[in-house]
1. Give the residues of the range 352-367 that are open to solvent by 10 Å² or more (accessible area, probe 1.4 Å) and among the hydrophobic types (A, V, I, L, M, F, W, C), sorted by residue number.
2. Tell me which helices (runs of 4 or more DSSP H) are completely within the range 230-291 and hold 1 or more residues being over 22 Å from residue 399 (Cα atoms), or say none if there are none.
3. Could you check, for the range 382-405, whether at least one of its residues is without any contact (Cβ under 8 Å) to a residue 12 or more places away in the chain and in a helix (DSSP H, G or I)?
4. Look through the range 296-351, keep the residues that are assigned to a helix (DSSP H, G or I) and among the polar types (S, T, N, Q), and return whichever of them is surrounded by the fewest Cβ atoms within 10 Å (Cβ to Cβ).
5. Being within 17 Å of residue 89 (Cβ to Cβ) and either open to solvent by less than 10 Å² (accessible area, probe 1.4 Å) or in contact (Cβ under 8 Å) with a residue 24 or more places away in the chain (or both) is the requirement here; does residue 238 meet it?
6. May I ask you to verify whether residue 70 is hydroxyl-bearing (Ser, Thr, Tyr) and surrounded by fewer than 24 Cβ atoms within 10 Å (Cβ to Cβ)?
7. Among the residues in the range 457-475, are any of a type in the set (Gly, Ala, Ser) and open to solvent by less than 40 Å² (accessible area, probe 1.4 Å)?
8. Does at least one position in the range 452-470 carry a residue that is free of Cβ contacts under 8 Å to residues at least 24 places away in the same chain, within 30 Å of residue 251 (Cβ to Cβ) and not in a helix (DSSP H, G or I)?
Amino acid sequence: MNPAVGVAAFAAVSLATAVIGFYGLRVSRTTGDFYVASRTVKPWWNASAIGGEYLSAASFLGVAGLILLSGTDALWYPVGYTAGYLMLLLFVAAPLRRSGAYTIPDFTEARLDSRAVRRVTSLVVVLVGWLYIVPQLHGAALAIRITTGLPAWVGPVAVVGVVCITVVAGGMRSITFVQAFQYWLKLTALAVPFVFLLFVLGGSNAAATSPAANPTALAPAGPYQIISLLVALLFGTLGLPHVLVRFYTNPDGQSARRTTLIVLGLLSVFYLFPTAYGMLGRLFAADLAQSGQADALVLLLPGRMVGGLAGDLLTALVVAGAFAAFLSTTSGLVVSLAGVISQDVFGGSVRGFRLAALISALVPLGIAAMTESLALAGSVGLVFAFTASTICPVLLLGIWWRGLTDAGAIAGMVTGGVLCGSAMVAGSVLGAAQTPSWLAMPAAWTVPAAFAVTVLVSRATQGRVPRTLTRIMTRLHTPERPLATER
């Protein structure tokens, strides 16, 4: 690929993001605008924004790379990513919106009437956010190095710079516009090149020039790996801070449910394309699996199969979509983290939000600079496992079980965090080849352990059930009155 084309694609996406972000600045005037867009985001708009921030580097690049490596075993990733939103629809979306909270720590403090729970939840949310941002920056480093020839550090620095500009400028209101645009850009960036690839496959020479090789580089997944992965993805989605904060921006609980239904449709359409790219890669780019460049498959395949100026232009479109993925997910995480940090440390002001946004972006940038990228989908899967082991039990039990106490919530989060965090550290020390599956994919035992400890400690401390329980549970589960129809 012509490096100039890659640079131009990245510059165009960055410029479009900044312009849309500054448009959001024009309508971001209040604290509510910065934190939750004044709770006025309509379902279709909000669903597009959720799709923009949820479809990260793991979705855009990592899923196709895993399918290249392990074939149909990797299909559990898009299935799990999408089905997690069905769990959100059934158990979380409407009650969470009715809570009226700005952030997850706001919810846990209101539900359990405990500042201690809020502090622990805030710490966990920040850890989850930083762990999730780092793979986005690794993906940016990979994309900038392969498509432009620039040093790898340019990608993460550029992503953080653009994100800081847009988030600091207009907060949640601004980012909503940006992320909605970026979802449709990502979908277009995969769909249009794929159509051209189909035309190439229809040519008489396509089959003759494809290499015949078996690129499988990973051992087949067993029942434990599949179960653990699905537990991580299904329950982890319920606790992602940048996804949950989106439901606070809906006008009411009914809108939150409609938003989730639309998101399920948008994700289902999107994941068809990384899956198709992965299958094509097994036929036409098998060498990327052996050379350790599986995550670059989506970036390289259009140039390989089409070639010439057309191939460069298609690759430029894919690069633009990839950087949209890095920018949208990182910006969503930075907004959610800034909301938590600013309220707990800087008093919840707009100025505090902006300072917290800078901190939220710069810390993972430093971590990414000191670490090397794992397989993108696999590393994000570990973040889902950590989230499922910490935030998810408190959220689900807080919404649906009256017996939850502050002591149980803290014990469960600490247990899940320590167990899953220890497994992640052990896996990084041992290396992928030496790590047993129960450490490499720990959700199958860390999530049940977190739930069990939360329930047992809560039952042992029933005297700590908050006096405000009936009021808050009524608020969570009482549907809003339908809005009057204008004549």
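1. The first filter runs over the range 352-367 and keeps only residues open to solvent by 10 Å² or more (accessible area, probe 1.4 Å), leaving 354-355, 358-359, 362-363, 365-367.
355, 358, 359, 362, 363, 365, 367, listed by residue number.
2. On the way: elements: 241-247, 253-284, 287-290.
Result: 253-284, 287-290.
3. No.
4. Residues of the range 296-351 assigned to a helix (DSSP H, G or I): 296-305, 308-345, 350-351.
From the residues that got through so far, the ones that are among the polar types (S, T, N, Q) too are 315, 328-331, 336, 342-343.
Numbers: 315: 25, 328: 31, 329: 30, 330: 33, 331: 31, 336: 30, 342: 27, 343: 21.
Out of the qualifying residues, it is 343.
5. Numbers: within 17 Å of residue 89 (Cβ to Cβ): yes; either open to solvent by less than 10 Å² (accessible area, probe 1.4 Å) or in contact (Cβ under 8 Å) with a residue 24 or more places away in the chain (or both): yes.
Judged against the criteria, residue 238 is a match.
6. On the way: hydroxyl-bearing (Ser, Thr, Tyr): yes; surrounded by fewer than 24 Cβ atoms within 10 Å (Cβ to Cβ): yes.
So residue 70 fits the description; yes.
7. To start, the set of residues in the range 457-475 that are of a type in the set (Gly, Ala, Ser) comprises 458, 460, 463.
Restricting the remaining residues to those that are open to solvent by less than 40 Å² (accessible area, probe 1.4 Å) gives 458.
Among the residues of the range 457-475, at least one is of a type in the set (Gly, Ala, Ser) and open to solvent by less than 40 Å² (accessible area, probe 1.4 Å), which makes the answer yes.
8. For the range 452-470, residues free of Cβ contacts under 8 Å to residues at least 24 places away in the same chain, within 30 Å of residue 251 (Cβ to Cβ) and not in a helix (DSSP H, G or I): absent.
The values are calculated or read from the model by the stated rules, or taken from the named source; none is laboratory data. Source: prediction; values computed, not measured. Neighbour counts run over all protein chains shown; Cβ positions are idealised from the backbone, glycine included. Heavy atoms of the whole protein, side chains included, go into the accessibility calculation; ligands, DNA and RNA do not. Shrake-Rupley method; radii C 1.70, N 1.55, O 1.52, S 1.80 Å.
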